[in-house]
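Here the structure is laid out as structure tokens; the discussion comes afterwards.
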Amino acid sequence: MPFQILDRPLPGVVVLRPDAFADERGVFVEAFRADRFAEMGLPAAFVQENQSRSRKGVIRGLHFQWEPPMGKLMRVTRGRAFLVGVDIRKNSETLGRWFGLEVSEEDRVQVWAPAGFARGFAALEDGTDVQYKCTGTYDARHESGIRWDDARIGIRWPVKEPILSEKDRTAQSFDDWLRRPESKRFTV
């Protein structure tokens with residue numbers, strides 16, 4: 001199998017690694033293949049792919065979108081990052097629980113988090129590139145975020161003094177999100 005499932009830390013979240021084929025020329029990695037993903041029960045149709053480059057200490061997130069629902073397959077293609085997913089599905093047994101994992105370009109690890117999870121990351125090196133495939137196209141009218149340092153969630157970020165966008169610095173609390181009518185859109 002060209003993909004190895006390493007962990008399923010929360011319902012719906014999958015940590016996986018594609019095989020790498022190395023020789024004297026370098027390395028080849030098949031990072032995505034629709035038929036293999038479908039065999040593993042993962043989405044095989046992604047409609048948008050994004051990439052960000054960040055300085056060491058940048059935290060981006062916690063972001064999510066409810067219309068169209070957006071799941072993300074995240075990987076680091078340069079540098080190192082701490083990838084995070086938080087369950088924000090109101091009727092989930094793991095509501096408010098988070099998962100975080102340090103990932104690098106060398107380890108080739110990918111993290112899938114479906115719609116109903118807020119996602120983010122912290123860049124652990126200058127010039128860190130995070131690439132993510134999305135199951136929905138971006139729509140600013142139907143997206144939001146939760147504060148990166150929300151005490152109720154309690155993420156243990158490996159960054160002490162993060163560099164944040166204004167949007168992330170002023171994001172709503174987890175409890176504020178749960179009071180919004182849109183939060184009912186995410187179910188298990």
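Taken together, the values in this text are just the output of simple stated rules run on the coordinates, not laboratory data. The structure displayed is predicted, hence computed values, not measured ones. Positions of Cβ are generated from backbone atoms using ideal geometry, with glycine treated the same way; all protein chains shown enter the neighbour counts.
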(request) Once you've got the GNM for the chain with C-alpha springs shorter than 10 Å, pick whichever of Phe121, Phe28, Phe46 has the biggest mean-square fluctuation. (result) Phe28
(request) Principal axes first, then extents: for the Cα atoms of the stretch 114-157, list largest minus smallest coordinate on each axis, whole Å, largest first. (result) 30, 28, 18
(message) Can you sort Tyr138, Tyr132 from fewest to most other Cβ atoms within 10 Å of each residue's own Cβ?
(response) Tyr138, Tyr132
(message) Spelling out what I want: for every residue of the stretch 98-107, take phi, set θ = phi - 60°, compute 6.51 cos²θ - 1.76 cosθ + 1.60 (Karplus), and round to whole Hz; glycine and proline get x.
(response) 10, 9, x, 8, 6, 10, 9, 5, 6, 7
(message) What FRET efficiency comes out for Gln48 versus Arg185 if R0 is 25 angstrom and r is the Cβ-Cβ distance? Round to the nearest 0.05.
(response) 0.85
(message) Running a GNM on the chain with Cα contacts under 10 Å, which residue among Val14, Val109, Val29 ends up with the highest mean-square fluctuation?
(response) Val29
(message) Let me confirm the definition first: pairs of Lys residues in the chain, 8 or more apart or on different chains, C-alpha distance under 21 Å. How many are there?
(response) 7
(request) Pick out which of Ala38, Ala123, Ala22 has the largest mean-square fluctuation in a Gaussian network model of the chain, springs linking Cα atoms closer than 10 Å. (result) Ala22
(request) For the chain, evaluate the Debye formula with one uniform point scatterer on each Cα (no solvent term) and list log10 I(q)/I(0) at q = 0.10, 0.12, 0.13 Å⁻¹, rounded to two decimals. (result) -0.38, -0.55, -0.65
(message) How would the stretch 1-82 be classified by its alpha-carbon gyration tensor: rounded, prolate or oblate, with rounded meaning a/c under 1.5 and the a/b versus b/c comparison settling the rest?
(response) oblate
